[in-house]
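Since the structure comes first, as structure tokens, the remarks are kept for the end.
The values are calculated or read from the model by the stated rules, or taken from the named source; none is laboratory data. All values derive from a computational prediction rather than experimental measurement. A quick note on method: Cβ atoms are made from the backbone with ideal geometry, for glycine too, and the neighbour counts reach across all protein chains shown. These accessible areas exclude ligands, DNA and RNA; they are computed on the full protein's heavy atoms, side chains included. Shrake-Rupley method; radii C 1.70, N 1.55, O 1.52, S 1.80 Å.
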Amino acid sequence: MMHSVAILGAGIGREHMLGYRALPELFTVQTVCDRELERAEQLAALAPGCGAVSGIDAVMDDRKIDIVDICLPPHLHGPVALMALAAGKHVICEKPVAGSVAEADELMAAAERAGLLFAPVFQYRYGRALYQLAGLQDRGLCGKPLVATLETHWNRGAEYYAVPWRGRWQSERGGAVLGHAIHIHDLVTRFFGPVTEVTSLLDTRVNDIETEDCAAIAMATDSGGLVTSSVTLGGATDSSRLRLIFDALTAESRRNPYAPGAEDWSFTARDPQRQDAVDAALAEIDAEIAGRPTGFAGMFLEVSNHLNGLPADLVTVEDGVRSIELVAAIYHAARSGERVSLPLDRSLQICADWVPEDEAE
Ligand SMILES: NC(=O)c1ccc[n+]([C@@H]2O[C@H](COP(=O)([O-])OP(=O)(O)OC[C@H]3O[C@@H](n4cnc5c(N)ncnc54)[C@H](O)[C@@H]3O)[C@@H](O)[C@H]2O)c1
């Protein structure tokens, strides 16, 4: 079955549009909504028959729309997702899916109650090297997760922060931990399992903003894996790197910041005699994934599979909630100096709101 989509927000919404256009037999983009109508019209022009509107209500009232795809500034994600679910629409939502753990929980409950899909956007999972690593793990060739190092070393300056919603607690809801490293943190949990413990140091050292732009984070996952994550927005270039050490295999990315799985990774067996088995498995996996779309199209294909009752490699609403819970835990650990366990105790104030008191409206 073909699904009809409304894209809300014409910034990164443009990349979403290209993703849907790569799957014309599965999706039609019915409407683009942006409060700057001209931006909506320009993006709508990329899809045949696509309309443009400036008001969100018009999308909610349109019975022809099956899926609302939220590409709006972060503080609007939760409220607009709740409106869409109440209007009977499936939701695809850009990161961060919510501005607090309480809001993420509310979204999950609302989607479950309505029997509708809430799909968080973590398109980095959908890349060739990540498909390969998942295939190796499924075949039992990785072994037990031991340690991982993650780098999100990007370059963001005054021009980036000239967009008014960025860099402010009330509208961006967080800094590099919430906005940038959230992708790589999602990726590591895909292979090492959910985070169970966190310690962190955060600082604002690059830009004159309210939120953090440097971080040193240590995490343990439910598989026993130990993860260190280094984050800054003061890199000379945009570079992301992952090194995942399992007891039977080491997987290492290159430095592609926005699609880490798009470039070849190295997969090295710890026992040199097992390298042939790894290489043979990689050849088999490559044949299986030939032609599988990547990035946003890769993610949207799985959304379509799920909605059509087919097996789907989906980012779940639970993954989305966990991504927000991890952000809250990182903030809590940095502010308290404590080691924080997850799942978080929902009675903690940090679950209600992590915006520092002196920044609250
Ligand atoms: N997955 C990724 O790789 C990725 C990359 C970039 C941004 N993002 C996320 O996407 C979201 C949007 O980021 P962006 O960089 O596209 O921002 P942006 O500011 O470039 O675009 C947001 C758009 O939303 C519109 N808008 C704002 N309020 C509106 C309202 N009330 N009604 C209708 N339209 C409204 C704005 O006019 C703007 O065109 C953020 O949450 C960001 O974190 C994700």
In the P(r) worked out for the chain, what percent of Cα pairs fall beyond 32 Å?
31
In terms of the charge dipole of the chain, which places +1 on Lys and Arg and -1 on Asp and Glu at the beta carbon, the residue among Thr204, Ile217, Leu133 farthest towards the positive end is Leu133
Does the stretch 219-329 come out rounded, prolate or oblate by the C-alpha gyration tensor, with a ≥ b ≥ c the root eigenvalues, rounded set by a/c under 1.5 and, if not, prolate when a/b is larger than b/c and oblate if not?
rounded
Charges at C-beta only: +1 for Lys and Arg, -1 for Asp and Glu. How large is the resulting dipole of the stretch 124-292 about its Cα centre, in Debye rounded to 20?
100
Value of relative contact order over the stretch 59-120, rounded to a whole percent, pairs C-alpha under 8 Å and six or more apart
34
Roughly how many Å² is the accessible area per residue of the chain, as a whole number, for a 1.4 Å probe?
43
Per DSSP H run of n ≥ 4, the term is -39500 (n - 2.57); total these for the chain, divide by its residue number, and report the mean residue ellipticity at 222 nm rounded to 500 deg cm²/dmol.
-10500 deg cm²/dmol
How much length would be gained if the chain were fully extended between Ala280 and Ser4, taking 0.36 nm per residue of separation minus their Cα-Cα distance, in nm to one decimal?
95.3 nm
Which number comes out as Rg/Rh for the stretch 95-196 once both Rg and the Kirkwood Rh are worked out on C-alpha atoms?
1.03
Quick one: Cα convex hull volume of the stretch 124-292, Å³ per residue?
116
So what's the projected area for the stretch 1-72, the Cα convex hull averaged over all directions, in nm²?
4.0
Local electrostatic count at Ala218 - Lys and Arg +1, Asp and Glu -1, tallied over other residues with Cβ under 10 Å:
0
Taking R0 as 51 Å, what FRET efficiency do you get between Glu36 and Ala287 from their Cβ-Cβ distance, rounded to the nearest 0.05?
0.65
Calculated on alpha-carbon atoms, Rg and Dmax of the stretch 38-159 in Å:
18.5, 52
Please report the carbon-and-sulfur percent of the accessible area for the chain; probe 1.4 Å, protein heavy atoms only, DNA, RNA and ligands left out.
49
Pairwise centroid distance, computed over Cα atoms, of the stretch 165-244 with the stretch 299-321, Å:
25
Among the aspartates and glutamates, which have Cα under 15 Å from the Cα of Lys89 when same-chain residues fewer than 8 positions away are ignored?
Asp57, Asp61, Asp62, Asp66, Asp69, Glu112
Counting pairs of alpha carbon atoms under 8 Å apart in space and at least six apart in sequence, what relative contact order in percent does the stretch 57-214 give?
19
Please figure out what share of the DSSP beta bridges in the chain is antiparallel and state it in percent, rounded to the nearest 5.
55
At 0.36 nm per residue, and after removing the present C-alpha to C-alpha distance, how many nm does the segment from Asp138 to Asp57 gain when stretched out fully?
24.8 nm
Please sort 337-350, 63-76 by packing, taking for each peptide the average over its residues of neighbouring beta carbons within 10 angstrom, highest first.
63-76, 337-350
Going toward the positive end of the dipole of the chain, with +1 on Lys and Arg Cβ and -1 on Asp and Glu Cβ, which of Gly99, Ala84, Val5 do you reach last?
Val5
With contacts defined as alpha carbon pairs under 8 Å and 6 or more residues apart, what's the relative contact order of the stretch 124-292 in percent?
31
Averaging 1/r across every pair of distinct alpha carbons in the stretch 185-237 and inverting yields a Kirkwood hydrodynamic radius, in angstrom, of 12.2
Rounding to the nearest 20 debye, state how big the charge dipole of the chain is about its Cα centre with +1 on each Lys and Arg Cβ and -1 on each Asp and Glu Cβ.
540
